[in-house]
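Worksheet: the structure to be examined is printed underneath.
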Amino acid sequence: MKASEAEILIVPGHTNSGPEHWQSRWQSKLGSARRVEQAEWLKPVREDWVRRVIEEVAAATKPVVLVAHSLGVAAAIHAAPHLGNKVAGAFLVAPPDIANPDIQPGHLATFGPYSREPLGFPSLVVVSRNDPFGTYEHADDIAASWGSLLLDAGEAGHINTESGHGPWPEGTMVFAQFLSKLKPPA
């Protein structure tokens, strides 16, 4: 699948993705990409975030590829059972351990726990070995339950601007390869 054959839905995490974040950069470069906007970025409400993902997928006129980061992964996973057959795939980066009672800020825990049901579409989970919001082992476990491929990004922090992943050229290459293997949903 080519990017032009899909609607690339950018699903940012807590506080949104700023202009230097790789998600914002990808959105500006991919003509078929658009952001799932949330009414409340600073104090996210699980039901509202999930509903917005469902609404944006429902509004799509082409197959959807989800590109979620951090808490956006949680919103996408909770929305997955309600997305019908419109999703061709999901590129899931740095899923936080939302079941961890020590997660900060504390309201992020309201997004937990993750569903452990297999996703109904191909997915790739990109994980860092030193993400402050979740362990590699946790991400490996949930990715396996979803039937997702797991990509070890090494010691990459939270794979965001603060960890030096503004442009993230490696991510661009991995996403292009992932996209090229997707087929429109039946």
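Tabulated data
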{"read-out": "Near pairs, Cβ below 7 angstrom, 6+ apart or cross-chain, from region 61-78 (in contact (Cβ under 8 Å) with a residue 40 or more places away in the chain and in a loop (DSSP other than H, G, I, E, B)) to any residue that is aromatic (Phe, Trp, Tyr) and open to solvent by 10 Å² or more (accessible area, probe 1.4 Å)", "value": "Ser70/Phe133"}
{"read-out": "Hey, Phe133 crowded, with 16+ Cβ neighbours inside 10 Å, more than 19 Å from Leu66 (Cα to Cα) and aromatic (Phe, Trp, Tyr) or not", "value": "yes"}
{"read-out": "Condition check for Glu137: over 24 Å from Thr15 (Cα atoms) and assigned to a loop (DSSP other than H, G, I, E, B)", "value": "no"}
{"read-out": "Unique residue being aliphatic (A, V, I, L, M) and part of a strand (DSSP E or B) when the list is Leu108, Leu150", "value": "Leu150"}
{"read-out": "Filtered residues of region 31-42 (kept if closer than 15 Å to Ala68 by Cα and either open to solvent by less than 80 Å² (accessible area, probe 1.4 Å) or among the aromatic types (Phe, Trp, Tyr) (or both))", "value": "Ala33, Arg34, Arg35, Val36, Gln38, Trp41"}
{"read-out": "Selection count where residues are under 22 Å from His158 (Cα atoms) and part of a loop (DSSP other than H, G, I, E, B), scope region 79-99", "value": "6"}
{"read-out": "Pair list, Cβ under 8 Å, 6 or more apart: region 142-169 residue closer than 20 Å to Gly89 by Cα and open to solvent by 40 Å² or more (accessible area, probe 1.4 Å), other residue of a type in the set (Gly, Ala, Ser) and assigned to a helix (DSSP H, G or I)", "value": "Leu149/Ala143; Leu150/Ala139; Leu150/Ala143; Leu150/Ala144"}
{"read-out": "Residue within region 85-96 that is surrounded by fewer than 14 Cβ atoms within 10 Å (Cβ to Cβ) and over 15 Å from the mean Cα position of the chain (by Cα) present", "value": "yes"}
{"read-out": "Any hit, region 57-65, residues being within 28 Å of Gln104 (Cα to Cα), surrounded by 15 or more Cβ atoms within 10 Å (Cβ to Cβ), touching a helix residue (DSSP H, G or I) at 6+ places or on another chain (Cβ under 7 Å) and modelled with pLDDT of 95 or more", "value": "no"}
{"read-out": "Of residues in region 1-30 being exposed (fewer than 13 other Cβ atoms within 10 Å of the Cβ) and in a helix (DSSP H, G or I), the one farthest from the chain's Cα centre (by Cα)", "value": "Ser4"}
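The values are calculated or read from the model by the stated rules, or taken from the named source; none is laboratory data. Treat the numbers as computed from the prediction; the structure is a model and nothing was measured. Cβ: placed from backbone, ideal geometry, glycine included. Neighbour counts: every protein chain shown. Please note that ligands, DNA and RNA were not included when accessible areas were found on the heavy atoms of the full protein model with its side chains. Shrake-Rupley method; radii C 1.70, N 1.55, O 1.52, S 1.80 Å.
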